[in-house]
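To keep things clear, I will list the structure first and then write my remarks on it.
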Amino acid sequence: MSKQEDLQDIRRQVDMYFDQALNKQDQDQLLDRVNTDPAYHRVFTKEKSMREQIKLNIHRPGVSPDLIQAIKDNIRMT
């Protein structure tokens, strides 16, 4: 496998980790690699930082109480 393919594989695994698409065993294996492999650590840290920045800087609008009530009423009718 080339370095580029290795890097893509690391990114894919890290993305799956943050998307909660890995089972517990695979999560543990990834975290072990992050703690021992500098390439994994670098990709993991960068992805974690980027996701935290997105969470902090993206405003999610609130939902009005009227909309919540309308959804509840609609559910009750069906």
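The values are calculated or read from the model by the stated rules, or taken from the named source; none is laboratory data. What you see is a predicted model, and the numbers here were worked out from it, not measured in a lab. No Cβ is skipped: glycine too gets one built from the backbone with ideal geometry, and neighbour counts run over all protein chains shown.
Being surrounded by 10 or more Cβ atoms within 10 Å (Cβ to Cβ) and among the polar types (S, T, N, Q) is the filter; apply it to region 50-76 and report the residue that is nearest to Asp15 (Cα to Cα).
Gln53
If you scan region 1-44, which residues turn out to be more than 11 Å from the chain's Cα centre (by Cα) and among the hydroxyl-bearing types (Ser, Thr, Tyr)?
Answer for region 1-44, where residues must be more than 11 Å from the chain's Cα centre (by Cα) and among the hydroxyl-bearing types (Ser, Thr, Tyr): Ser2, Thr36, Tyr40.
Identify all residues within region 1-22 that are assigned to a helix (DSSP H, G or I) and among the charged types (D, E, K, R); write none if there are none. Can you show your working first?
To start, the set of residues in region 1-22 that are assigned to a helix (DSSP H, G or I) comprises 3-18.
Matches in region 1-22: Lys3, Glu5, Asp6, Asp9, Arg11, Arg12, Asp15.
Looking at Gln25, is it exposed (fewer than 13 other Cβ atoms within 10 Å of the Cβ), in a helix (DSSP H, G or I), modelled with pLDDT of 95 or more and not β-branched (Val, Ile, Thr)?
On the way: exposed (fewer than 13 other Cβ atoms within 10 Å of the Cβ): yes; in a helix (DSSP H, G or I): yes; modelled with pLDDT of 95 or more: yes; not β-branched (Val, Ile, Thr): yes.
In short, yes.
Restricting attention to region 1-15, which residues are touching a helix residue (DSSP H, G or I) at 6+ places or on another chain (Cβ under 8 Å) and not β-branched (Val, Ile, Thr)? Break it down stepwise before answering.
Filtering region 1-15 down to residues touching a helix residue (DSSP H, G or I) at 6+ places or on another chain (Cβ under 8 Å) leaves 1, 6-7, 10-11, 13-15.
Within region 1-15, Met1, Asp6, Leu7, Arg11, Gln13, Asp15 meet the criteria.
Would a scan of region 45-62 turn up a residue that is over 16 Å from the mean Cα position of the chain (by Cα), among the small types (Gly, Ala, Ser) and either closer than 30 Å to Asp6 by Cβ or assigned to a helix (DSSP H, G or I) (or both)?
Checked against the condition, which is being over 16 Å from the mean Cα position of the chain (by Cα), among the small types (Gly, Ala, Ser) and either closer than 30 Å to Asp6 by Cβ or assigned to a helix (DSSP H, G or I) (or both), region 45-62 yields no hits at all.
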